[in-house]
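The structure appears below as structure tokens.
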Amino acid sequence: MHKLLPIGIDDFKELISNNYYYIDKTLFIKEILDRRGKVSLFTRPRRFGKTLNLSMLQHFFENTEYTPDREPHKALFEGLAIMQAGDEYAKHMGKYPVISLSLKSAKQQNYKEAFACLKEVIAKEYGRYEYVVKRSLQDTEDYNRYQRIRNQQAEREEYLTSLAFLSDCIYRAAGIKSIILIDEYDVPLENAYFSGFYDEMITFIRSFFESALKTNPSLEFAVITGCLRISKESVFTGLNNLAVYSILNKSYGEYFGFTRQEVSSMLKAYGLLKKEHTVREWYDGYLFGTEDVYNPWSVISFVDENHTDTEAFPRPYWSNTSSNSIIRKLIERADARVRKEIEDLIAGGTIEKPVHENITYEDVYASQDNLWNFLFFTGYLKVVKKRLELDTIYLTMAIPNVEIRYIYRTTIREWFTQKIEQTDFSLFYRAVLEGNCSEMECFMKRQLSESISYYDNAENFYHGYLVGILGGLEGYALDSNKEHGNGRPDILLTPFDPERPAVIMEIKCAAKFGEMEGLCDLALRQIHEREYASELEAEGYGLIRKYGICFCRKNCVVRME
């Protein structure tokens, strides 16, 4: 029997206790202790193991005598790498109060609801330490304040310093400094920006963090995770003890995501080594520091599906877990230069952009460069090489793998389809019915010039494009690749009124502009030789428009018989 795969399991205790398959990342604890930074911020894309790693830290360091759990966590780490690292690390196990907060629930539609979720998260941690604090602070004004926050009845001002106050109360009760773990620290800010209440949220988060992390004598150390590094000026004002480890840093690269060896071992354990190339092509390609890593969520999902069905195809699992709105915004705002850059990326090319790690959410749409940076730090691009020019780092970036390329293509297709649905096609329809080839050409060239062409030389795209447009022509039945005469015309428009013209279209795709005229002639000969019009003529349609249409990238030629 294979071990269960931890789909969606991000609690370390649950994962180990229920014998899920676990790729050992416990030496992350050793490196945290070796570096002993006061406040460490780790930024990684979503679903790359940040929450599980924080849960692991909590279960290693937490002294359960201070919490309702009471069950020692030592057994969870038996046989794992940290237990062989030496006594200097083992002695820290179960020695500290740990305050652990996840801010992901603050993703709400307005400030009131987001703040209510934050109050609930804070109250939960207050509840975990209530019994130990009560022993020392009962019958004091501080305990009354503690209870107000615990019961979510405090004033907003009291929540501004509630994290620092909790660590202070624990220190006074237990005599030990607290470890603070904050997961998804940037979710409230990202959501607030896109939902229109950023100023209110940034004011709260700034005070909440600063009081707990800047000059807190009750703090042992803190570890924070998120997707994007937000400038110190906007969140961590004056926090000089903050060490930031983004995907550009060499340190800690192997602890978020799966390494090639780890993926190979997993595939072997589930009898899927023959799928190694497929997994690498679809889910590898991220570079964290100097470490080549795979998307862990997608790898686990792939193995889970394939070990029961070895013929299952790879799928874009990550696209269902992460918001792709940033790609949509890039596409919507793209000028001709950016559209060309997106086309180059999807075709397997690269782009070079300056990197800006210290941005705020207000800066994201200030320039196209900031959008590219956002895409890079959230996992939609990878670094290929770096160079320094004066005081600016320039990154050469590419799409990491097939999975991410699929997300770009899908987003572009949805955007283009929506754009078509919003277009007035009345002039195009008139040109088709009246035989105005030049007007048809101008209209389609204009539309294609505004598109992003990952479909170059793909006849099926152009065919689908025309079907999508012509499907809105009232008074006509549209057939696509339906048998007529001695073949299957690409598009056939049959009017309900026999006095109106019927339309036959045959589509070709050229590799070079110079081939377009000849392919239009070939399309018209095909209509004639395969007698596509014979059934229409037999039914009594007097006027039949026959078009040969050839596309080459964003150009088209229309000819009529």
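The values are calculated or read from the model by the stated rules, or taken from the named source; none is laboratory data. Predicted model only: the values in this text are computed from it and were never measured. All Cβ positions, glycine included, derive from the backbone under ideal geometry; neighbour counts span all protein chains shown. All accessible areas refer to the heavy atoms of the entire protein, side chains included, with ligands and DNA or RNA removed. Shrake-Rupley method; radii C 1.70, N 1.55, O 1.52, S 1.80 Å.
Overview of values
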item: Segment 75-97 residues that are small (Gly, Ala, Ser), paired with ones that are open to solvent by less than 70 Å² (accessible area, probe 1.4 Å) and part of a helix (DSSP H, G or I) (beta carbon under 7 Å, 6 or more apart); result: Ala81/Leu27; Ala85/Leu27; Ala85/Lys30; Ala90/Met83; Gly94/Thr64
item: Condition check for Thr161: modelled with pLDDT of 95 or more, out of contact with any Gly (no Cβ under 9 Å at 6 or more places or on another chain) and under 29 Å from Asn53 (Cα atoms); result: yes
item: Subset of segment 448-459 that is modelled with pLDDT of 80 or more and open to solvent by 10 Å² or more (accessible area, probe 1.4 Å) - its residue that is nearest to Arg413 (Cα to Cα); result: Glu450
item: Condition broken by Ala212, with the remaining ones in (1) touching a residue at least 60 places away in the same chain (Cβ under 8 Å); (2) in a helix (DSSP H, G or I); (3) in contact with a Ser or Thr (Cβ under 7 Å, 6 or more places away or on another chain) satisfied; result: (1)
item: Subset of segment 308-330 that is at pLDDT below 80 and assigned to a helix (DSSP H, G or I) - its residue that is nearest to Ser367 (Cα to Cα); result: Leu330
item: Test set (1) open to solvent by 70 Å² or more (accessible area, probe 1.4 Å); (2) assigned to a helix (DSSP H, G or I) - Lys482 fails condition number; result: (2)
item: Qualifying positions in segment 252-307 - among the β-branched types (Val, Ile, Thr), modelled with pLDDT under 95 and in a helix (DSSP H, G or I); result: none
item: Filtered residues of segment 405-434 (kept if open to solvent by less than 20 Å² (accessible area, probe 1.4 Å) and in contact with a Pro (Cβ under 8 Å, 6 or more places away or on another chain)); result: Ile407
item: Tally, over segment 430-464, of residues that are of a type in the set (Phe, Trp, Tyr), assigned to a helix (DSSP H, G or I) and in contact with a helix residue (DSSP H, G or I) (Cβ under 8 Å, 6 or more places away or on another chain); result: 1
item: Tally, over segment 546-555, of residues that are open to solvent by less than 50 Å² (accessible area, probe 1.4 Å) and either more than 16 Å from Asp490 (Cα to Cα) or of a type in the set (Gly, Ala, Ser) (or both); result: 3
item: Verdict on Pro498 being farther than 30 Å from Ser451 by Cα and either open to solvent by 10 Å² or more (accessible area, probe 1.4 Å) or modelled with pLDDT of 90 or more (or both); result: yes
item: Residue in segment 259-272 that is over 27 Å from Asp168 (Cα atoms), aromatic (Phe, Trp, Tyr) and either in contact (Cβ under 8 Å) with a residue 60 or more places away in the chain or surrounded by 21 or more Cβ atoms within 10 Å (Cβ to Cβ) (or both) present; result: yes
item: Where Glu220 falls short, out of the listed (1) open to solvent by 10 Å² or more (accessible area, probe 1.4 Å); (2) under 27 Å from Asn370 (Cβ atoms); (3) not in a helix (DSSP H, G or I); result: (2)
item: Within segment 11-37, tally of residues that are open to solvent by 60 Å² or more (accessible area, probe 1.4 Å) and either under 28 Å from Phe376 (Cβ atoms) or assigned to a strand (DSSP E or B) (or both); result: 2
item: Filter result (in a loop (DSSP other than H, G, I, E, B) and of a type outside the set (Gly, Ala, Ser)) within segment 344-362; result: Thr350, Val355, His356, Glu357, Asn358, Thr360
item: Within segment 122-149, tally of residues that are surrounded by 15 or more Cβ atoms within 10 Å (Cβ to Cβ) and either under 33 Å from the mean Cα position of the chain (by Cα) or under 14 Å from Leu163 (Cβ atoms) (or both); result: 9
item: Residue within segment 67-80 that is exposed (fewer than 14 other Cβ atoms within 10 Å of the Cβ) and among the aliphatic types (A, V, I, L, M) present; result: yes
item: Test: residue in segment 226-233 that is touching a helix residue (DSSP H, G or I) at 6+ places or on another chain (Cβ under 8 Å) and open to solvent by 10 Å² or more (accessible area, probe 1.4 Å); result: yes
item: Some residue of segment 103-121 being open to solvent by 20 Å² or more (accessible area, probe 1.4 Å), hydroxyl-bearing (Ser, Thr, Tyr) and touching a strand residue (DSSP E or B) at 6+ places or on another chain (Cβ under 7 Å); result: no
item: Checking Phe60 against (1) among the aromatic types (Phe, Trp, Tyr); (2) free of Cβ contacts under 8 Å to residues at least 60 places away in the same chain; (3) surrounded by fewer than 19 Cβ atoms within 10 Å (Cβ to Cβ), the condition it does not meet; result: (3)
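Yes or no, residue by residue, for (1) assigned to a strand (DSSP E or B); (2) in contact with a helix residue (DSSP H, G or I) (Cβ under 9 Å, 6 or more places away or on another chain); (3) farther than 28 Å from Glu343 by Cα; (4) touching a residue at least 24 places away in the same chain (Cβ under 8 Å):
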{"site": "Ile504", "(1), (2), (3), (4)": "yes, yes, yes, yes"}
{"site": "Lys508", "(1), (2), (3), (4)": "yes, yes, no, yes"}
{"site": "Gly514", "(1), (2), (3), (4)": "no, no, no, no"}
{"site": "Asp521", "(1), (2), (3), (4)": "no, no, yes, yes"}
{"site": "Leu524", "(1), (2), (3), (4)": "no, no, yes, yes"}
{"site": "Leu536", "(1), (2), (3), (4)": "no, no, yes, yes"}
{"site": "Gly548", "(1), (2), (3), (4)": "yes, yes, no, yes"}
{"site": "Cys556", "(1), (2), (3), (4)": "yes, yes, no, yes"}
{"site": "Arg559", "(1), (2), (3), (4)": "yes, yes, yes, yes"}
